[in-house]
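The values are calculated or read from the model by the stated rules, or taken from the named source; none is laboratory data. Computed from a predicted structure; not experimentally measured. Counting neighbours? That spans all protein chains shown, and the Cβs are built from the backbone with ideal geometry, glycine included. Only protein heavy atoms, including side chains, enter the accessible area calculation; ligands, DNA and RNA are left aside. Shrake-Rupley method; radii C 1.70, N 1.55, O 1.52, S 1.80 Å.
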Amino acid sequence: MKKVVKFGGSSLASADQFKKVGAIILEDENRRYVVPSAPGKRFSSDTKVTDMLYACYDTAVKGDDFSVQLENIKARYQEIIDGLALDCSLDEDFEIIRKNFQNKAGADYAASRGEFLNGKIMSSYLGFEFVDAAEVVRFNDDGSFNDEATNDLLSERLEGMQTAVVPGFYGAKADGTVVTFSRGGSDITGSLVALAARADLYENWTDVSGFLIADPRIVKNPKSIETITYKELRELSYMGASVLHEDAIFPVRKAGIPINIRNTNAPEDKGTLIVESTCRQPKYTITGIAGTDGFASITIEKAMMNSAIGFCRKVLQVFEDNGISIEHMPSGIDTMTIFVNKNAFEEKEQKILSDIQRAVQPDHIELESDLALIAVVGRGMKSTRGTAGRIFSALAHAHINVKMIDQGSSELNIIVGVKHEDFKDAIRALYEIFVLTQI
């Protein structure tokens, strides 16, 4: 069996965390390829190394003295090296970084050094070969990611390697210019390495024991999800639930490689297994509950709307012409409601209303803001009757008025709209009825 393991910044923030990571990797000989992030926070008021690098580079760009900031970053790494009793030096690397900062090599280059340096330490600590991601993760000249070239380069490089460390988060153009993924992009590197290495499993180690059924900031000690499909994950991620970078899903999904979300600080926990499909029955009717607020609704009324050909298309065209993305669109015989991001809509509110008026001459338009959308997601909902009824029952019992309900054709999710002030209470009510009481 062949495994690729990626470790997040919190898992590699200190020498003690490195020791935990080393023990996890070395206890299983199948864990052959390692993708490290930059050191994260050691304590709540600490600063992530990536943020320190951004700040240091900003000082350099302004032409000010950045030597103290760079020394502070070097001290963070030296603390890890000393704590691991390693015979390794980053002096030469920091001298190169200093020169490149002076020459304004770019913010992406600056940010990427966090993973680069941590990868060097990890390589030395484990005795694994170091592979600079700039040599094997390829971006096009316009800065877009080149998946085919990357897979070719990575596959060729890893083919003869039994073990390797490939830093996450960054790659480079053909001319060597460093380019980074968006924040959290080490997850993507991990999936790219898993694809290229033809891994049997991609383990993504972080500071939580997998996905939780609900947001722990809203629900106290929510239970974890044992197995989740990519489709369910997509639905929950869309609504704001995130432990994994969204773009990390596609490379491994295409290759049929499962992802296992694990906890570095609790390695005995099985975590969450993410798969394409499974015959495993979920423990509960639902897999997860996720939501986000900051929406507005525009309800358009017009008599005989259902017989007016092209009515919906004309309304949607107004939003498209104004560059506004539509989240949901429930409709009735003489009404249709558009849910949009509140902040984006408010900027162009009056123009959009005028355009709708000209396009379809509605009888009435009603606006409502400060709305939240909550998704109840689960493959078990297909075979369970009365799921929507239980949602209404739970919310009614909590004295919460439902502003919208929308069920996807896949029967994988049901989305409800509520007022902003009811958002957290609604999630707690849904968690209670589906998980705590299981009625």
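Computed over the chain, relative contact order equals 13 percent, with contacts defined as Cα pairs under 8 Å that lie 6+ residues apart.
Restricting the calculation to alpha carbons of the stretch 79-130 gives Rg and Dmax of 12.2, 34 angstrom. For Leu12, the shell of other residues with beta-carbons less than 12 Å away shows a net charge of +4, using +1 for Lys and Arg and -1 for Asp and Glu.
Residues in the stretch 165-256 average 39 Å² of solvent-accessible surface per residue, probe 1.4 Å, ligands and nucleic acids excluded. In order along the stretch 152-157, the phi-based Karplus estimate (6.51 cos²θ - 1.76 cosθ + 1.60, θ = phi - 60°) of 3J(HN,Hα) comes to 5, 5, 5, 4, 5, 5 Hz; Gly and Pro are listed as x.
For the stretch 292-421, the gyration tensor built on C-alpha atoms gives a prolate shape. Its axis ratio a/c (a ≥ b ≥ c) is at least 1.5, and a/b is the larger of a/b and b/c. With 26 Å as the limit on Cα-Cα distance, the pairs of Lys231/Lys270; Lys173/Lys342; Lys120/Lys231 that go past it are Lys173/Lys342; Lys120/Lys231. What the phi angles of the stretch 259-276 give under the Karplus curve with 6.51, -1.76 and 1.60, with θ = phi - 60°, is a coupling list of 10, 10, 7, 10, 10, 4, 8, 9, x, 6, 6, 6, x, 10, 9, 9, 9, 5 Hz, glycine and proline written as x. Under the criterion of Cα pairs below 8 Å and six or more residues apart, the relative contact order for the stretch 98-208 equals 27 percent.
With a Förster radius of 22 Å applied to the C-beta separation of Asp207 and Leu26, the computed FRET efficiency comes to 0.60. The local environment of Arg76, defined by Cβ-Cβ distances under 15 Å, has a net charge of -3 under the rule Lys, Arg +1 and Asp, Glu -1. Diffusion coefficient of the chain by Stokes-Einstein, Kirkwood radius over Cα pairs, 37 °C, 0.692 mPa s: 136 µm²/s.
Semi-axes of the equivalent ellipsoid for the stretch 117-170, computed as √(5λ) from the eigenvalues of its C-alpha gyration tensor and ordered from largest down, come to 22, 14, 5 Å. Calculated FRET efficiency, Arg234 to Val68, Cβ-Cβ distance, R0 = 56 Å: about 0.80 to the nearest 0.05. State whether the stretch 1-149 is rounded, prolate or oblate according to the following rule on the C-alpha gyration tensor (a ≥ b ≥ c being the square roots of its eigenvalues): a/c under 1.5 gives rounded; otherwise a/b larger than b/c gives prolate, and the remaining case gives oblate. Oblate, because a/c is 1.5 or more while a/b does not exceed b/c. Using the Cβ-Cβ distance between Asn221 and Leu86 with R0 set to 60 Å, the FRET efficiency works out to roughly 0.95.
On the protein heavy atoms, probe 1.4 angstrom, tell me the percent of accessible surface of the chain carried by carbon and sulfur. Reported share for carbon and sulfur atoms: 46 percent. Rounded to the nearest 5, the antiparallel percentage of DSSP beta bridges internal to the stretch 149-286 is 45%.
Note on the chain: antiparallel DSSP beta bridges, both residues inside, total approximately 65 percent of the bridges counted. Taking the empirical scaling 2.2 N^0.38 Å for compact globular proteins as reference, the stretch 260-328 has a Cα radius of gyration ratio of 1.99. Quick check for me: using +1 on Lys/Arg Cβ and -1 on Asp/Glu Cβ, what's the dipole size of the chain about its Cα centre, in debye to the nearest 20? That gives a dipole near 1180 debye. Taking max minus min of the alpha-carbon positions on each principal axis, the stretch 216-356 gives extents of 60, 30, 29 Å, largest first.
Scalar couplings 3J(HN,Hα) for the stretch 285-297, obtained by applying the Karplus form with A = 6.51, B = -1.76, C = 1.60 to θ = phi - 60°, are 4, 9, 9, x, 10, 9, x, 8, 10, x, 10, 10, 10 Hz; x denotes Gly and Pro.
Computed from point charges on the beta carbon alone (+1 for Lys and Arg, -1 for Asp and Glu), the dipole magnitude for the stretch 27-86 about its Cα centre is near 120 Debye.
About its Cα centre, the stretch 255-307 has a charge dipole of approximately 160 debye under the convention of +1 per Lys or Arg Cβ and -1 per Asp or Glu Cβ, with nothing else charged.
Judged by the ratio a/c of the largest to the smallest principal axis of the C-alpha gyration tensor, the stretch 150-258 counts as prolate, that ratio being 1.5 or greater while a/b is larger than b/c.
Just want to confirm a number: the relative contact order over the stretch 51-156, from Cα pairs under 8 angstrom separated by 6+ residues, in percent. It rounds to 24 percent for the stretch 51-156. Modelled spin labels at Asn343 and Lys99, positioned 7 Å past Cα toward Cβ, are 4.2 nm from each other.
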